[in-house]
1. Within a 10 angstrom radius of each residue's Cβ in A:17-29, how many Cβ atoms of other chains show up on average? Whole number is fine.
2. What percent does the relative contact order of chain A come to when contacts are Cα pairs within less than 8 Å and at least six residues apart?
3. How well do other chains shield peptide A:246-258, expressed as the mean number of their Cβ atoms within 10 Å of each residue Cβ?
4. Length gain on complete extension for the stretch residue A:90 to residue A:5, per 0.36 nm per residue less the alpha carbon to alpha carbon distance?
5. With a Förster radius of 41 Å, plug the Cβ-Cβ distance of residue A:26 and residue B:228 into 1/(1 + (r/R0)^6) and report the FRET value to the nearest 0.05.
6. Mean residue ellipticity at 222 nm from the helices of chain A, using -39,500 (n - 2.57) per DSSP H segment of n ≥ 4 over the full residue count, to the nearest 500 deg cm²/dmol?
7. Mind sorting B:270, A:120, A:126 by how few other Cβ atoms lie within 10 Å of their own Cβ, fewest first?
8. Hey, how many Å between the Cα centroid of the range A:120-138 and the Cα centroid of the range A:191-212?
């Protein structure tokens, strides 16, 4: 009997062992390497000096340059998240409440952008907003402007590219939340005298907050970790923290410094996820992928 | 006993109750760590991809028309003659490739089409250079000596690469907005001219930015006396620039779409734009920035096989076809080899074969300052 109980307890672990081994091999071990690397030093030739040095950490934590870029990164991620929340809520509400038969088709449309490479989607803005792009050509052809407007290569276009990339994540999360709300609740609120807007404000919106929060977390974390968008759509000054990691590792061949930088970003975004999980639960995000 | 067998035994012991769950998971985690450290499955994959055996050599280059030319004119006849297969790969940039090589095992990568002397010195600094037996590369005698000597100087008389082509990073400008006379009169300072604010571009690479900053502050780029004056010029350019480009394709797009009117540019790319009908001028200012590309053999490679391949690639037929494909003159000495009708029309081509009008990065000087300057540029670029 005791052996059966012990066997039953072991079974989940046995079943999990391939996953645990994979996570150990592909996530935990590489991360430990990065931690170890962050205490090494880069020599003048580009080779690494093995040892235990705190120089990289002192530089990363003590230098205002890194703090400023980190702050700029968080600010861009924040703007992106807020815009995604406002812009994404409306289509999510529409899809959740539509009586159209083609609801599945609408959901499919939401997934369509994922079929195209993120880089291609980002680069498409060059053809839309460029000096000889679609928008300038249209504005000139209908006589609104005489000369092309310079719209590309600034922080606004970086945010635009990120919104384009992350909007589907927000819509899906909000949609899942809205779809799970019992429609009788809003009807009950209206039957008790609420206007449609009051019912939305007092019932629908609060109940959809977990989805909005999950979408915001995803958008924020993904936006803060990106480096392609600033490269493609940003100007000379527009950089995010991940660009510094890329430069340290690839351009400067300074893997130890790059490791320390990436761990700072990881720790910061990890802390956000922990806070979110503590108050809202990570399972809300998983729902949107079901 | 292979890893699968070991895992099965461990699982059996766990199921039989010989070891507890904690021990089982600890052993599993330890196996993961060992696999990560020693290669494990990744190592096996790497060995599969590794082309260091005499049956194969691995070549990495820029892709596109260059790779096609190599495939057609060098790799196919080489394989036919020797039976050695050439596994061809591509990379997006020299920095990306050196990072990949640094993370690899010796022999995993063999030959690469790399940027000139500066990167050659970087590879040497990382102890990734090999020693070519020049007797096995008879076509090396046709190469411009000026291009070979800097390599010898770095590696103490021997070479780990053969020069293959050369070009310049000059000033490209849209003739619709900037005349040839204006470009000639202003030279490198055209790119810090307030009149073109928002219409200026530049390569976002620290070496080129500093080189041009030195020229704009009237200093010798290979002997900078006032680095602060250079940083001021880099800042001035940054504030006037619309965009730092990061690839040849992006450079061409920015100029062709008239997003920018002036930038530095790679001679071959500008030639390609001109051939497409764009009215783009190209100027190598006094002391213009020249560079060479070489075919580099990495440490741990099968040397005899690589040397034979290098000799194939230096055959005039191959080198000229590649040069015409990428619009950069080959490293073959025009005083010794007849280069045909197209090569003499390419920008940066020097019929004398001396390249005396060009300046190159002094590898010792630039490598000495690399760590400091590349890091400082990263800050200056972001507004510091």
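1. 5
2. The value is 26 percent.
3. Neighbouring Cβ atoms belonging to other protein chains average 5 per residue here.
4. Here the segment from residue A:90 to residue A:5 would lengthen by 25.5 nm.
5. 0.30
6. That calculation yields -22500 deg cm²/dmol at 222 nm.
7. Placing the least packed residue first, the sequence is A:120, A:126, B:270.
8. A separation of 39 Å, based on Cα centres.
Every number here is computed from the coordinates shown, using simple stated rules; none is lab data. Just so we're clear, the structure is a prediction, and the values are computed from it rather than from any experiment. Cβ: placed from backbone, ideal geometry, glycine included. Neighbour counts: every protein chain shown.
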